[in-house]
Structure formats: C-alpha cells, structure tokens
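*Asks:* Here you go, one structure.
Quick note: the coordinates plus some simple rules give every number you see, no bench work behind them. Everything quoted here is computed from the prediction, not taken from an experiment. All Cβ positions, even for glycine, are placed from backbone atoms using ideal geometry, and neighbour counts span all protein chains on display.
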C-alpha cells in the first residue's frame with residue numbers, strides 16, 4: 001500500500017518532537033544579551049557564550065508548548081483570521097470575482113504579462129513589508145485565478161508567496177529583515193540598495209520565467225471566453241479601491257508609524273465591515289460572512305501557532321545559542337569567499353529552528369559583525385548572507401508557519417511544493433552566493 005505524505009499537522013508535531021529530542025543531545029548554553037539603543041531589541045554579546053546546566057524539555061512540557069505557541073503567536077493568528085474574514089466578505093460581494101473576470105479578459109492573449117504584474121506586485125509588497133502571512137487569506141482567490149488562466153496551484157503560490165519572499169530576501173527595504181540587520185550590524189540603513197536591486201531583479205526575473213514555463217496545467221487546459229464580462233459596478237469599484245488603499249496604508253504604517261500586527265488587524269477589520277455594507281450584504285449578512293471567513297482560516301492559524309511552539313521548545317531547552325555557536329565559530333579560519341558562502345549556509349540552517357527573520361537578525365548580527373571585522377570582510381556582506389539565507393529558507397522550512405498555512409489553505413502538500421520548487425530555489429541560493437562573493441569586492 002502506498003503511504004501518503006504526512007498531513008501538515010503531523011509535520012509540525014514531528015518538528016516539535018525533534019526539537020524536544022535536541023534539548024537532550026545538544027549542550028545547553030547561552031550568550032549574554034544587552035538592549036541595543038538603535039533598535040530597542042536585545043542583542044547577543046560577542047564572546048559571552050557560557051555553557052549552562054542541561055535543561056531538557058519533558059514530554060509534558062513539550063505538549064504544553066502547543067497552546068503556549070498559540071498564545072505567543074496570538075497577534076499573527078488573529079491577523080490571519082481577521083484578514084480571512086475581510087477577504088471572504090469582499091469575495092461575497094462579488095467584487096473580487098468580477099474584477100478578476102475583467103482583468104483576465106484584458107490579458108486573455110497575454111497571460112504572461114498578467115503573471116508578471118502579479119509577481120512584481122507581490123515582490124514589491126515583500127520588499128516593503130515582509131509580506132507573507134497576509135497571503136494566507138488570499139489563497140481562495142489565488143486558486144480561482146490559477147484555474148482561470150490555466151496554471152497549477154503550486155505555480156500560483158510561486159507567483160504570490162514565492163515572489164513576496166524573493167522581494168523580502170533580495171530587496172533593500174524590508175523593515176523586518178535587511179533594515180533590522182543593518183541597524184544591529186551598525187551598517188548605515190539603505191546603503192547598498194542599488195546593488196541589492198540588481199540581484200533582486202535578476203532573481204525575480206528567473207523565478208517568474210521558470211514558473212511561466214513549467215507551471216501550466218496541461219491536464220486541465222483553460223479556454224478563456226471571448227465574451228466581454230460585465231462592467232464593474234460602482235460598488236465593486238469602490239470596494240476594490242478600498243482594498244488597495246488598505247494595503248497602501250498598511251505598508252505606510254509598517255514603514256513609518258512602527259505598526260505591528262494589531263494595527264494591521266484593525267484596518268482589515270474596518271475594511272471587512274465597510275466592504276460588507278457597501279456591497280449590500282447588510283449588517284447581519286456582513287457579520288455572518290465574517291464568521292464564515294474566520295472558519296476558512298482557523299486551520300491556517302493553528303499551523304502558525306504550532307510553528308511558534310517549535311522555537312519555544314528549543315528556547316526552553318537553552319540550545320539555540322549552542323546551535324549558533326556551532327554554526328558560525330569556524331568561519332574565521334576560512335578564505336573570505338568561503339566564509340561568505342559558509343555564512344549563507346549557516347543562516348539557512350539556523351532558520352529552521354529560528355523561523356523569525358527579525359529574531360534571527362538580532363541573534364546573529366552581533367556575533368558575525370565582529371567576526372567580519374577580524375577577517376577583513378565588510379559588514380554589508382554579513383547582512384547579505386543573513387537576508388538571503390534567512391529569507392529564502394521561508395520557501396523551504398516547515399517551521400515557517402506562513403508557508404505551511406498557505407499550503408494547507410490551498411490544498412497543496414509540502415511534498416508537492418518541494419517537488420515543484422526545489423530546483424529554482426537552489427538556483428536562487430546560487431544567485432545569492434554569487435552576490436555575496438562579488439559583494440566582498442564591491443564593499444571592500
């Protein structure tokens with residue numbers, strides 16, 4: 001009998017179990033930490049690592065971290081549910097489906113241009129705001145789009161989540177990635193922006209072209225209708241404008257007003273209410289649609305909460321700092337080019353137990369920046385290695401709750417996703433390695 005690939009819930013439970021086992025075999029240890037005045041975050045003190053008394057996580061504590069993970073990730077889970085409700089309401093009004101019909105008809109003979117616009121849009125959002133969790137609520141709409149333009153579900157996730165991750169990983173302005181890393185590493189913010197943009201364009205062009213070529217659904221070809229769709233009603237136009245404005249305000253708030261998940265939840269909650277009333281759903285109809293939308297995304301929220309649990313187990317066992325020490329301490333004995341690539345690989349591996357890009361920045365930059373000074377490497381290169389490694393692994397690691405939730409919501413198994421994406425992801429990592437090696441000379 002052929003065994004089926006594990007359900008996402010089983011994958012997350014397996015990683016929680018592996019993390020628990022690591023607390024028994026990896027020595028406990030910790031670095032001293034201080035509050036960095038520039039970022040207001042705790043950072044690691046170079047050279048302060050000390051072994052600690054072993055603190056393995058018991059079976060009981062392991063199971064306790066599951067609800068604790070939901071509590072720890074409550075802001076993200078609530079954001080997912082509220083955005084899910086808001087988008088469900090917008091879909092109920094017919095604005096999305098009608099807007100899609102108009103858009104697809106407009107590009108019926110140039111689907112590649114439609115996909116290119118989609119990819120650039122998501123990459124821009126990733127570059128500006130680290131856009132990922134917000135895509136979870138868009139999955140039903142993206143699946144409809146995939147069907148209508150004749151592309152597979154995995155390819156449409158590549159054009160959305162994949163492009164957003166590339167934008168956040170290669171771009172110069174992600175506030176939760178490169179900006180934090182530059183601040184902690186004491187590199188002037190936004191420096192090296194043009195260099196990053198060159199490799200962002202290169203990586204994004206390759207990724208979109210790859211999935212345009214390989215992502216067509218040959219088993220279910222779609223014949224687009226020649227019948228011109230109905231003109232968008234005034235209410236539909238207004239609702240779609242509100243959706244665009246909401247995202248614009250969100251990006252501005254994240255980059256200029258120090259917004260966090262709660263502020264994003266608030267504006268999307270308001271969007272849902274406004275869309276329901278404008279779309280003639282009525283007060284009760286809007287409330288019913290909101291509750292139905294919550295239900296659609298509950299499992300995605302569960303996956304995000306369990307991803308937090310994995311990190312909490314490793315943190316409780318005090319093995320995170322030991323893993324960091326093991327990954328990065330050998331770097332000072334390597335040639336510069338190999339050191340840079342080794343930093344990239346180390347950041348990739350570290351992102352499995354530390355799925356937060358901002359958390360990984362404040363963990364590793366204080367350690368790697370002094371190492372770079374000792375071996376004659378620019379700190380800018382250290383930031384590059386971090387943002388490429390931590391960022392691109394969001395497309396791979398099952399501990400990334402956003403990835404697993406999007407796959408779960410779209411009905412794609414982790415196995416299917418990796419089968420479709422491992423080759424282009426490997427090429428992206430090669431592009432990243434080339435950028436790091438060239439950066440050693442450019443930023444010397």
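*Asks:* Tilt of helix 336-350 relative to the longest C-alpha principal axis of the chain, in degrees (0 to 90, nearest 10)?
*Replies:* 60 degrees
*Asks:* Right, another one. Return the label of the correct value of Cα Rg over 2.2 N^0.38 Å, as calculated from the structure shown, out of (1) 1.15; (2) 1.00; (3) 2.07.
*Replies:* Label (2) holds the value from this structure.
*Asks:* Next up: Viscosity 1.567 mPa s, temperature 4 °C: give me the Stokes-Einstein translational D for region 313-360 in µm²/s, with Rh taken as the Kirkwood radius over C-alpha pairs. Write down the numbers at each step before the final one.
*Replies:* On the way: Rh = 11.4 Å.
Using the Kirkwood radius from Cα pairs, D works out to 113 µm²/s.
*Asks:* Same structure, new question: What list do you get for 246, 255, 357 if you sort them by fewest beta carbons within 10 Å?
*Replies:* On the way: 246 20, 255 15, 357 27.
Ranking 246, 255, 357 by Cβ neighbours within 10 Å, fewest first, gives 255, 246, 357.
*Asks:* Calculate the FRET efficiency for residue 283 and residue 37 from the Cβ-Cβ distance with a Förster distance of 60 Å, rounded to the nearest 0.05. Provide the component values of the computation, followed by the final result.
*Replies:* Working: r = 49 Å, r/R0 = 0.81.
The computed FRET efficiency comes out at 0.80.
*Asks:* Over what distance in Å are the Cα centres of region 351-372 and region 154-173 separated?
*Replies:* 21 Å
*Asks:* Right, next: I want to make sure I understand the PRE zone here: with the label point 7 angstrom from the Cα of residue 444 toward its beta carbon, which residues in region 369-390 have backbone N atoms less than 14 Å away?
*Replies:* Once the point is set 7 Å along Cα→Cβ of residue 444, 376-378 turn out to lie under 14 Å by backbone N, inside region 369-390.
*Asks:* With N set to the number of residues, divide the alpha-carbon radius of gyration of region 316-417 by 2.2 N^0.38 Å and report two decimals. Present the calculation step by step, with values, prior to reporting the outcome.
*Replies:* Working: Rg = 14.9 Å, N = 102, 2.2 N^0.38 = 12.8 Å.
The reported ratio for this selection is 1.17.
*Asks:* What does the convex hull of the alpha-carbon atoms of region 23-156 project to on average, in nm²? Intermediate results must be reported in sequence, preceding the final value.
*Replies:* Numbers: hull surface 53.0 nm².
Over every viewing direction, the Cα hull of region 23-156 projects on average to 13.3 nm².
*Asks:* Kirkwood-based Rg over Rh for region 154-290 (C-alpha set), two decimals?
*Replies:* Numbers: Rg = 20.0 Å, Rh = 18.7 Å.
Reported Rg/Rh, Kirkwood definition of Rh: 1.07.
*Asks:* Throw me the Rg/Rh for region 234-326, computed over C-alpha atoms with Kirkwood Rh, two decimals. Please report the intermediate quantities before stating the final value.
*Replies:* Working: Rg = 19.1 Å, Rh = 16.3 Å.
My calculation puts Rg/Rh at 1.17.
*Asks:* How big is D, in µm² s⁻¹, for region 278-352 by Stokes-Einstein at 4 °C and 1.567 mPa s if Rh is the Kirkwood radius over C-alpha pairs? Let's see the in-between values first.
*Replies:* Working: Rh = 16.5 Å.
The diffusion coefficient I find is 79 µm²/s.
*Asks:* Sorted from fewest to most neighbouring beta carbons within 10 Å, what does the list 183, 111 look like?
*Replies:* Details: 183 21, 111 18.
With the sparsest Cβ surroundings first, the list reads 111, 183.
*Asks:* If packing is taken as the mean number of other Cβ atoms within 10 Å per residue, what is the order of 99-109, 294-304, 14-24, highest first?
*Replies:* Working: 99-109: 15.5, 294-304: 20.4, 14-24: 18.0.
Per-residue Cβ counts within 10 Å, averaged per peptide and sorted highest first, yield 294-304, 14-24, 99-109.
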